[in-house]
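Asker: Before I ask anything, let me first share the structure, which is written out below as structure tokens.
The values are calculated or read from the model by the stated rules, or taken from the named source; none is laboratory data. What you see is a predicted model; the values in this text were computed from it and never measured. Don't worry about glycine lacking a Cβ; one is built from the backbone with ideal geometry, like all the others, and counts go over all protein chains shown. With ligands, DNA and RNA removed, areas are computed over all heavy atoms of the protein, side chains included. Shrake-Rupley method; radii C 1.70, N 1.55, O 1.52, S 1.80 Å.
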Amino acid sequence: MATVNPTEEKQAREIIKKIVLLNAVRYEGKATPKPIFSKLLGEYPQFRKNVNEIAPIINETVQEINLLPLAEQKATVAEKWPETLVEEKVEEIKQLPPLSNVKKYKNVVTRFSPNPDFVLHLGSARAIWLSYAYAKMYDGSFILRFEDTDTKTKKPKLEFYEGVREDMDWLGCKWDSEFIQSDRLPIYYEHAEELIKAGNAYVCTCERLVFREKCQAAQICPCRTFSTDENLSRWSKMLDGTFHEGEAVVRVKTELAHPNPAVRDWPALRIVDTVKFPHPRVGSKYSVWPLYNFSTGIDDHLMGITHIIRGKEHLTNQARQEYMYKHFGWEYPETIHYGRLKITGASLSKSEIVKGMESGIYKHWDDPRLATLAALKKRGIQPEAIQNLIVDVGPKPQDVVLSWKNLYAHNRKLVDPTAKRFFFVAEPLKITVTDIPKSYSAKIPVHPDHPEMGFRTFEVTPKNGEAIFLISKNDLSLLQGKAAVRFMDLFNFTTQKISENNIQAVFHSESYEEARKLSSPLIHWLPVDAGIFCEVVMPDASVVEGMAEYGCKKLKPDDVVQFQRFGFVRVDAINDKLVAYFAHK
Ligand SMILES: [Zn+2]
């Protein structure tokens, strides 16, 4: 650093190291330079004048720290800056940015309005949680509205109404009132008629392509010029079945000069042959159905929605609906349009998931490969982890790309402090250890940070100095070429011979210090007869079989525990065997 003296540089390096380590520990061992830079300049404004000298130090430190294992990063933080562990928790409580124009309204009202043609997934969670959290933030109300008016291409299914309610319950969003659009057809008819009477809507019988051509050219179609009486008569012909599907639509008048042709005189209601395409709730009772922009726009006003929080793909819809609001003399609600959310490695696309279900790749909506809420729940992801992730991302308009790791980091923070620890030996191999000098009783804490949670005890009683253990096949590679390997919380041994059916080993020493001196790997284990059969369903739907320690018998479905050196799992079923779903490392 040219302008900084050596003492100052040393200080700077120490501060940077601290910030980098904290950042690394927070993000699974991998720090990124950018947030570190802003944090440093935010907290230590004295470095602002040395930005050019600081940047390379940050990059260098990030590279250096990222090479360290997470455990070592954590140990360093705990040893050098224990106070930051508390500080880190405080800074993690993120807040949503305030809503605009709240004072204008007596009561903030938001809504989540799913089409019940699909299950909820991580993508839908954003609209739900933001809408819910904002309503709560201002002591307002949150409405659940099923938008089930398309019986043809986005046909609702009865199972999904209840499925959506269950998923929302699980996510922790209580709605204050619920509406179903298929109950509200008379309301939409009334408003359509009002628009027609006022000359702000008309019944168009042009062929779709003919209309589109005119529309592209910003020209009016003949139907637009008909008298109000003529339009009302055509409207009743829509309702009484004189017109059939595809023969007439109600259009809302807009400026024909609107720069986006898709906004011009948009369709508000259409005829659907509900004998052919019956609605799952109201069957063939109605054949005139509102289109998305019409029913949504009407409902948002009638339900007193003050703030609409949705994806930016709805911007064009707002442009359409604003014309209708103007016709009625209503004021359009405040809108927040957030950017797209992508999760790398997760398909949030409805059509892809549906295709996978139809072709039999996925058997259920909770298949662990999916990012549906049902699947996340099955894997032991806590609803609070999803809530925190959504608040982290917030309602910003930029597109956001997340990885599963972001969600896992949030979940780990929640489950790690309380999850009981157990040994799970995956794909077990037998290892015979000889020359064991005495009986051992291994007393291992249920949680390393919480002795009050108790201990698990394993008795090892050698016969003629010999005992048989189980270890994970994965650990086989750790056994070779080492002076000693340590069975966690038991003793150290030296491997003698590895053959197909058995591993021969000899007792080495007892103390942990000895193992540390020899840089011995630590592996988990089970006495050969001290486990129950266990299957863990992995995120790729493969199944890992093995033995879990006997104490797992006391677990109940939905318990989230940590299989040490394997990962966090959620117990799904337990009888003569344990079935668990893998959450994350
Ligand atoms: Zn027309």
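Asker: For the chain, what is the accessible area per residue in Å² when the probe is 1.4 Å? Before the final figure, lay out each step's value.
Answerer: Numbers: 28510 Å² over 585 residues.
With the other protein chains kept in place, the chain gives 49 Å² per residue.
Asker: Kindly flag which residue pairs out of 30/136; 350/405; 463/554 have an alpha-carbon separation exceeding 26 Å in this structure.
Answerer: Working: 30/136 35 Å; 350/405 22 Å; 463/554 29 Å.
Distance filter (> 26 Å) returns 30/136; 463/554.
Asker: Please report, to one decimal in angstroms, the Kirkwood hydrodynamic radius of segment 115-205 built from all distinct Cα-Cα pairs. Please report the intermediate quantities before stating the final value.
Answerer: Values: mean 1/r = 0.0658 Å⁻¹.
Evaluated over segment 115-205, this radius sits at 15.2 Å.
Asker: Now for a different question. Beyond a 28 Å Cα-Cα separation, which of these cross-linked pairs lie in this structure: 74/420; 104/342; 413/556; 18/377; 378/420?
Answerer: Violating the 28 Å limit, Cα to Cα: 104/342; 18/377.
Asker: Of all beta bridges DSSP finds with both residues in segment 247-405, what is the antiparallel percent, to the nearest 5?
Answerer: On the way: 7 of 16 bridges.
Just about 45 percent of them are antiparallel.
Asker: Moving on to the next point. What part of the accessible area of segment 390-463, given as a whole %, is carbon or sulfur when the probe is 1.4 angstrom? Can you show the working numbers first?
Answerer: On the way: 1980 of 3640 Å².
Percent of accessible area from carbon and sulfur atoms in segment 390-463: 55.
Asker: Next question, about the same structure. Which order do the peptides 126-132, 314-320, 194-200 take when ranked by the mean count of other beta-carbon atoms within 10 Å per residue, highest first?
Answerer: Highest mean packing first, the order is 126-132, 314-320, 194-200.
Asker: Where the centre of each part is set by its Cα atoms, how far does segment 343-421 sit from segment 179-201, in angstrom?
Answerer: Measuring centre to centre over Cα atoms gives 39 Å.
Asker: To check you understand DSSP bridge types, tell me what percent of the beta bridges within segment 467-585 (both residues inside) are antiparallel, rounded to 5.
Answerer: Working: 27 of 33 bridges.
Percent antiparallel among DSSP bridges in segment 467-585 is about 80.
Asker: Take the Cα atoms of the chain, find their three principal axes, and give me the spread along each one in whole Å, biggest first.
Answerer: Computed over the Cα atoms, the extents are 103, 69, 41 Å.
Asker: Give me a comma-separated list of calculated 3J(HN,Hα) values for segment 234-246, in order, Karplus coefficients 6.51, -1.76, 1.60 applied at θ = phi - 60°, integers in Hz, x for any Gly or Pro.
Answerer: 5, 4, 5, 6, 5, 6, 8, x, 5, 7, 10, 3, x
Asker: Out of the total accessible area of segment 172-298 (probe 1.4 Å, heavy atoms of protein only), what percent is carbon and sulfur?
Answerer: 52 percent
Asker: Give me the angle, in degrees from 0 to 90, between the Cα long axis of helix 404-415 and the longest principal axis of the Cα atoms of the chain, rounded to the nearest 10.
Answerer: 60 degrees
Asker: Ok, one more. Looking at the chain, send over the antiparallel percent of its DSSP beta bridges, to the nearest 5.
Answerer: 65 percent
Asker: I would also like to ask the following. For segment 468-559, take the convex hull of the Cα atoms, compute a quarter of its surface area, and give me that in nm², please. Intermediate values should be presented prior to the final figure.
Answerer: Values: hull surface 30.0 nm².
Taking a quarter of the hull surface, the average projection is 7.5 nm².
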